[in-house]
Amino acid sequence: MSNQRKRLTGEREDEDDEDAEGIGEWERAYVDDRSWEELQEDESGLLRPIDNSAIYHAQYRRRLRMLSAAAAGTRIQKGLIRYLYIVIDFSRAAAEMDFRPSRIAVMAKHIEAFIREFFDQNPLSQIGLVSIKNGVAHTLTDLGGSPETHIKALMGKLEALGDSSLQNALELVNEHLSQVPSYGHREVLILYSALCTCDPGDIMETIQKCKKSKLRCSVIGLSAEMFICKHLCQETGGLYSVAVDEVHLKDLLLEHAPPPPAIAEFAIANLIKMGFPQRAAEGSMAICSCHKEVKIGAGYMCPRCKARVCDLPTECTICGLTLVSSPHLARSYHHLFPIAPFDEVPAFSSLNDSRRTLGKSCFGCQQSLIGTGNKPGPCVTCRKCKHYFCLDCDIYIHESLHNCPGCESIHRPKSVSLMEE
Amino acid sequence: MIFKIEDVTVYFPYDNIYPEQYEYMVELKRTLDAKGHCLLEMPTGTGKTIALLSLITSYRLSRPDSPIKLVYCTRTVHEMEKTLAELKVLHDYQVLHLGTQAKILAIGLSSRKNLCVNTKVLAAENRDSVDAACRKRTASWVRALSTEKPNIELCDYFENYEKAAENALLPPGVYTLEDLRAFGKNRGWCPYFLARHMVQFANVIVYSYQYLLDPKVAGIISKELQKESVVVFDEAHNIDNVCIEALSVSVRRVTLEGANRNLNKINHEIDRFKANDAGRLLAEYNRLVEGLALRGDLSGGDQWLANPALPHDILKEAVPGNIRRAEHFVHVLRRLLQYLGVRLDTENVEKESPVSFVSSLNSQAGIEQKTLKFCYDRLQSLMLTLEITDTDEFLPIQTVCDFATLVGTYARGFSIIIEPYDERMPHIPDPILQLSCHDASLAIKPVFDRFQSVVITSGTLSPIDLYPRLLSFTPVVSRSFKMSMTRDCICPMVLTRGSDQLPVSTKFDMRSDPGVVRNYGKLLVEMVSIVPDGVVCFFVSYSYMDGIIATWNETGILKEIMQQKLVFIETQDVVETTLALDNYRRACDCGRGAVFFSVARGKVAEGIDFDRHYGRLVVMYGVPFQYTLSKILLARLEYLRDTFQIKEGDFLTFDALRQAAQCVGRVIRSKADYGMMIFADKRYSRHDKRSKLPGWILSHLRDAHLNLSTDMAIHIAREFLRKMAQPYDKTGTMGRKTLLTQEDLEKMAETAVQDMAY
């Protein structure tokens, strides 16, 4: 239906091409990419639905390949304990409306999602928030492990004012991060919506300082490529990308969630003292050490000094011990042993493939792999267990599950039966 | 990589080659085979220079029996250095693959100011005084005198060079100006004279246009080049103007006064010589009776600038009797000066053909045409006889004699224009007498006649059929190459209306309209807020730029721009402009962002690159037509119409559009680069204007971008910048390959052979 509507707009567009005066903002996107031309008809003259899933999957595969290429096949060390500062540019440019409803709202929305995803993937890491406003950098939150506090602090301060200064932000973050323990990975992720930076001094010196203190700076631009940002990222080994639209912005942000490869200097094995606090009993009353409030139940007790904290992971405010829970550690494990990307099954060869005719359904979700018109749909296969999976399962396995159901069932047939139950 | 083009093995120093570079080489090779001239247009940033150099040197290697010589002409010293640096890479590659037999001698030649190593000479501030300071130390009579008087200062480098005599040779290799200086310093030889001497042995010579086109310089530097040379004019889109300038002279009141002073001095010298050494003057007289043609033996090492007229127009006969004696000649010059002075006193603009000028000169001052013709040579001979070394002081009288000789020699293609004041400032009397040449083919004709192949190449030569007419030659190949791109990295737009839908233009009746000025301002305000780093704006003239910036300042538009980016302005002062450019680059580097206001036809528009982040957007405000009321331009247009049947309008548009293309072409210098170009004038949307833009711009100019208003342009710019910021694949997708490897080329050659077989 929506395709047909698009087609209608397209035809009207063609008609009033002569007097191009009347092109409204909403029509222009169609003029530019001529989306109606992508429509195709099948043999019977019906419109063929545009299959976007293949395109999305291709994008995902590219991303996956990029990540695995970085890993270069062999096991590499990853920085699992990350100290990340997110710098958000709340300067005048953030009020622009090219992202709906405004850049600032879109940024906030996706940072919120990113913070949750980040802690999900990096339970041992901590985040801090810094904003740039009126040419000055402010600390919104200090380093901490609780997503809720960050999100609350972020949402409270949504207004865009004045110039932007990259140097001020870098100086501030550098100062904050100079105190983190040496085993932690220092990172900054800058969401930059302005196109210039008004700095009090020489930004090149600041960049060199960041490089010296092993601060990995990544920038996501919201409007166009800036030389200084590119330079910063190149110097400090970070990633520089520019968002095309909202979806792309989200993708770019989430690319920063998995831990980056460890910097060589940090790659020495290190012992870290950690505490595994017990969850306090339901209904027990105590004053928590982080908010100084009386709370009933829901809290953890530091095993060393018995102080009460609300969230994990964190550092005990009394004795400074790193507090984590064992599931956190376990969840970080998969980054070290990622499952290899699945091979794509070429559509034509699969026709004569005898094994393919046997298993016509995805091993993950048991859905049929036969696409429209009785042709085999796109699918992938695991290199180890040779089972076939549909594209959705491919993404799910690599991004959320981190275990291949096929391989698992080969090694421990029992667990399969458990899963199937 | 090494590959074959027909029967020539080409050595190319890089692993990959662009398809258009390959085509360029093929066309060039055919030109060389045909021993004809060619005209090749290829966009900047596609490696034109290296393609050219590697083909011609490879061609030379493949024909060892008839070695060709490459004469490469550049516009600036900077380009010369760049060319030599590329040649060095290429030469190293060839030597690596072919051994020492591939060794060539390549030199860059420039003026004394750039090549001198004598610190005392270099202390002089401009080119002419460096030349004079050098002559003071190296002239033959000075050196002869120094044997008697040891306190006369000589140049050690020159003395050593002279002592080495025939042994003073450069070993094979590629020498940039810096290398030449270092070599000279090391050996204690004068690099300038060494380079001049080596011109006849070198396989590749890189120098400025003037050394071939200006008859004064060409006569002494380039006369020994053999016919089997390939002459290349790089960045040659303005070659007709260079040719015209080489034959034009202008005389002002200051020139006349200076010339009078020079004459007094010469008189004084003549008197002194008469008292001390009357024999010398007599000897000169006798020599002149025998004829100027024999003057070669007089000078020895002391070469003067040669005759300003073209070689085949110089008469090989004796100097007329009335100027053979020194004092008579001085009298003639005095009368000439007086006459010119009278003519300059005019109240209104006068235009005259050389013929009528000469005849009125004859009737009023009694100087014949033949006498005029010999003025330059006679002056030269006199100055040598009088042993004058401080040539910079004698520039005014040389200019006058220059003028006299040209006016006496040419009856067609020139006109004399006398203007009592500058049109733009009618209250300040500043009379000027100009002898302006209208025919660009005059100066370049000897070059076409003399050399086997002449290659004229540039990034903007459109429309390509006009150049052969302007320069009156028949090219065997004339082609325009497109740029193969991995992505659409340029985005030209024609902006015809402001956001209020009012048309914008710099047409004379519209340009000062407040609405147009405001719309132009708003365009920039909007653009600086969405374009990162550097933005360059070109205006049609200094006066227009000054006016519009003043208005923007009053209305607060400039302030709005300054909030986003710093503003830098080109001025007529070179030092100021250099400083502004330097700071502009710094502002782009550190992320502050900057706007550069510049002028089409200015120094910045011609020679400075705004590549990468130094220029993400270039805005061309208006169509840069020449000042159409200028008398010189009108005279030239008339001549072009009568002689070459080129319509006035056609030529003006062609000239304006090539300037505009040149301006916007500054923004993209390589394929990895990207940039936007905005033509802000409603006249660009007309077909007759637009079609004269070079093909590589036109092919990216989409129909949808032909008639934009400011807000639509903003939208397109935003999308474009986002798209360009994404990572991309350099080698291009399967459909359009933009980097060819050796295998690709071999495959192409095979298919070509198969095509021929069937």
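For the range B:107-115, the count of residues that are out of contact with any Leu (no Cβ under 8 Å at 6 or more places or on another chain), buried (at least 20 other Cβ atoms within 10 Å of the Cβ) and in a helix (DSSP H, G or I) is at least one. Exactly one residue out of B:LEU96, B:LEU145, B:LEU154 is more than 27 Å from B:SER222 (Cβ to Cβ) and in contact with a Lys or Arg (Cβ under 6 Å, 6 or more places away or on another chain): that is B:LEU154.
Only one of the listed residues (B:TYR59, B:TYR72, B:TYR24, B:TYR11) is touching a residue at least 40 places away in the same chain (Cβ under 8 Å), of a type in the set (Ser, Thr, Tyr) and closer than 16 Å to B:SER480 by Cβ. That residue is B:TYR24. Restricting A:PRO303, A:PRO346 to those that are at pLDDT 75 or above and either in a loop (DSSP other than H, G, I, E, B) or not assigned by TED's automatic domain parsing to the domain that holds A:SER125 (or both) reduces the list to A:PRO303. Filtering the range B:495-512 to residues that are under 36 Å from the mean Cα position of the chain (by Cα) and in a loop (DSSP other than H, G, I, E, B) leaves B:VAL504, B:SER505, B:THR506, B:LYS507, B:PHE508, B:ASP509, B:MET510, B:ARG511, B:SER512. Being within 14 Å of chain A (Cβ to nearest Cβ) and either touching a strand residue (DSSP E or B) at 6+ places or on another chain (Cβ under 8 Å) or surrounded by fewer than 23 Cβ atoms within 10 Å (Cβ to Cβ) (or both) holds for only one residue in B:ILE632, B:ILE561, B:ILE569, and it is B:ILE561. I'd like to know if the range B:589-611 contains one or more residues that are without any contact (Cβ under 8 Å) to a residue 60 or more places away in the chain, within 14 Å of chain A (Cβ to nearest Cβ), among the aromatic types (Phe, Trp, Tyr) and surrounded by 20 or more Cβ atoms within 10 Å (Cβ to Cβ). Checked the range B:589-611: no residue is without any contact (Cβ under 8 Å) to a residue 60 or more places away in the chain, within 14 Å of chain A (Cβ to nearest Cβ), among the aromatic types (Phe, Trp, Tyr) and surrounded by 20 or more Cβ atoms within 10 Å (Cβ to Cβ).
Quick check on my filter: what residues within the range B:67-89 are over 25 Å from the mean Cα position of the chain (by Cα) and within 25 Å of B:HIS37 (Cα to Cα)?
The one that is over 25 Å from the mean Cα position of the chain (by Cα) and within 25 Å of B:HIS37 (Cα to Cα): B:PRO67.
Would you mind stating whether A:LEU254 is closer than 30 Å to A:GLU96 by Cβ, more than 14 Å from chain B (Cβ to nearest Cβ) and hydrophobic (A, V, I, L, M, F, W, C)?
On the way: closer than 30 Å to A:GLU96 by Cβ: yes; more than 14 Å from chain B (Cβ to nearest Cβ): yes; hydrophobic (A, V, I, L, M, F, W, C): yes.
Against the criterion (closer than 30 Å to A:GLU96 by Cβ, more than 14 Å from chain B (Cβ to nearest Cβ) and hydrophobic (A, V, I, L, M, F, W, C)), A:LEU254 qualifies.
For the range B:672-727, name all the residues that are of a type in the set (Gly, Ala, Ser) and either crowded, with 20+ Cβ neighbours inside 10 Å or in a helix (DSSP H, G or I) (or both). Answer for the range B:672-727, where residues must be of a type in the set (Gly, Ala, Ser) and either crowded, with 20+ Cβ neighbours inside 10 Å or in a helix (DSSP H, G or I) (or both): B:GLY675, B:ALA680, B:SER685, B:GLY695, B:ALA704, B:SER709, B:ALA713, B:ALA717, B:ALA725.
Report, by residue number, each residue of the range A:175-201 that is within 14 Å of another protein chain (Cβ to nearest Cβ) and in contact with a helix residue (DSSP H, G or I) (Cβ under 8 Å, 6 or more places away or on another chain).
A:ILE190, A:TYR192, A:SER193, A:ALA194, A:LEU195, A:CYS196, A:THR197, A:ASP199, A:PRO200, A:GLY201
Looking across the range B:612-629, the residues that are away from chain A (no Cβ under 14 Å) and either surrounded by 15 or more Cβ atoms within 10 Å (Cβ to Cβ) or over 23 Å from the mean Cα position of the chain (by Cα) (or both) come down to B:VAL618, B:VAL619, B:MET620, B:TYR621, B:GLY622, B:VAL623, B:PRO624, B:PHE625, B:GLN626, B:LEU629.
Of everything in the range B:1-38, what is among the charged types (D, E, K, R) and at negative phi? Give them in sequence order. Selection gives B:LYS4, B:ASP7, B:ASP15, B:GLU20, B:GLU23, B:GLU27, B:LYS29, B:ARG30, B:ASP33.
Considering A:GLU225, A:GLU235, the condition of being farther than 20 Å from A:SER326 by Cα, in contact (Cβ under 8 Å) with a residue 24 or more places away in the chain and within 14 Å of another protein chain (Cβ to nearest Cβ) is satisfied by A:GLU235 alone. For the range B:399-441, the candidate set comprises residues that are of a type outside the set (A, V, I, L, M, F, W, C) and within 22 Å of the chain's Cα centre (by Cα); within that set, the residue that is farthest from B:GLU350 (Cα to Cα) is B:SER441. Of all residues in the range A:224-242, those satisfying the criterion of being of a type in the set (Gly, Ala, Ser) and under 9 Å from B:ALA725 (Cβ atoms) are A:ALA224, A:SER241.
Please go through the range A:368-387 and pick out each residue that is more than 27 Å from the chain's Cα centre (by Cα) and either farther than 18 Å from A:GLY406 by Cβ or at pLDDT 80 or above (or both).
The answer is A:ILE370, A:GLY371, A:THR372, A:GLY373, A:ASN374, A:LYS375, A:PRO376, A:GLY377, A:LYS384, A:CYS385, A:LYS386, A:HIS387.
Where helices (runs of 4 or more DSSP H) sit wholly within the range A:136-241, those with at least 2 residues that are among the charged types (D, E, K, R) and exposed (fewer than 15 other Cβ atoms within 10 Å of the Cβ) occupy A:147-155, A:203-212.
Any residue in the range B:357-364 that is modelled with pLDDT of 85 or more, under 19 Å from B:LEU247 (Cα atoms) and in contact with a helix residue (DSSP H, G or I) (Cβ under 9 Å, 6 or more places away or on another chain)? Working first, answer last.
Step one: filter the range B:357-364 for residues modelled with pLDDT of 85 or more, giving B:357-364.
Filter again for under 19 Å from B:LEU247 (Cα atoms), leaving B:357-358.
Still in the running and in contact with a helix residue (DSSP H, G or I) (Cβ under 9 Å, 6 or more places away or on another chain): B:357-358.
Checked against the condition, which is being modelled with pLDDT of 85 or more, under 19 Å from B:LEU247 (Cα atoms) and in contact with a helix residue (DSSP H, G or I) (Cβ under 9 Å, 6 or more places away or on another chain), the range B:357-364 yields at least one hit.
So, in the range B:116-134, of the ones that are of a type in the set (A, V, I, L, M, F, W, C) and surrounded by fewer than 18 Cβ atoms within 10 Å (Cβ to Cβ), which residue ends up nearest to B:PHE12 (Cα to Cα)? Here the answer is B:LEU122.
Taking the numbered list (1) modelled with pLDDT of 90 or more; (2) out of contact with any strand residue (DSSP E or B) (no Cβ under 8 Å at 6 or more places or on another chain) in turn, A:LEU189 passes all entries but (2). Looking only at residues in the range B:691-721 that are in contact with an Asp or Glu (Cβ under 8 Å, 6 or more places away or on another chain) and more than 20 Å from B:VAL504 (Cα to Cα), which one is nearest to the other protein chains (Cβ to nearest Cβ)? For the range B:691-721, the residue satisfying everything is B:LEU721. B:ALA661 - would you say it is of a type in the set (A, V, I, L, M), in contact (Cβ under 8 Å) with a residue 40 or more places away in the chain and out of contact with any strand residue (DSSP E or B) (no Cβ under 8 Å at 6 or more places or on another chain)? So B:ALA661 fits the description; yes.
The helices (runs of 4 or more DSSP H) falling completely within the range B:125-212 that include 2 or more residues that are in contact with a Ser or Thr (Cβ under 7 Å, 6 or more places away or on another chain) map to B:127-138.
The values are calculated or read from the model by the stated rules, or taken from the named source; none is laboratory data. Quick caveat, the model's predicted, so the values are computed rather than measured. Cβ: placed from backbone, ideal geometry, glycine included. Neighbour counts: every protein chain shown.
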